[in-house]
Amino acid sequence: MRPLFLLLLAFVLPIANKLQAQTLQFSQVLLVSTTQTVPANKVWKVEGIIPTSAIDNYYISINSSLSHIARFDNVKGALPIWLPAGTTLAAGANVFRVSVIEFTIVP
């Protein structure tokens, strides 16, 4: 039984050493209206929206595609949304600003 365990360790340890968890460190809070890009080594967590008025539906633009984010009776909708580096974000229809928390990826 012991040789089998040692053999298993010989295969598992090299793989486990290559798997590294990433830590996120708070960077800043943003209010996005015009198109902005998530910087390198960062991730954005879209937390909410500031509507322009009490309209039926709200949209944000992710990579130039409008995404339905909420209805007036459920402003939290599909939030939060995590966006990786290189993704673009902008306020869309009926949205004044998008509330974002930016994190730095710490390897």
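Derivation of every value follows stated rules applied to the coordinates shown; laboratory data play no part. Given the structure is predicted, the values throughout are model-derived calculations rather than measurements. Reconstructed Cβ throughout: ideal geometry from the backbone, glycine too, with neighbour counts over all protein chains shown.
In plain terms, the chain from Q22 to L66 could stretch by 12.9 nm, reckoned as 0.36 nm per residue minus the Cα-Cα distance.
Local charge for V29 was computed over the other residues whose Cβ lies under 11 Å away, with Lys and Arg +1 and Asp and Glu -1, and equals -1. Given a Förster distance of 25 angstrom, what is the FRET efficiency for S33 paired with V106, based on the Cβ-Cβ distance and rounded to 0.05? The pair S33/V106 has a calculated efficiency of 0.30.
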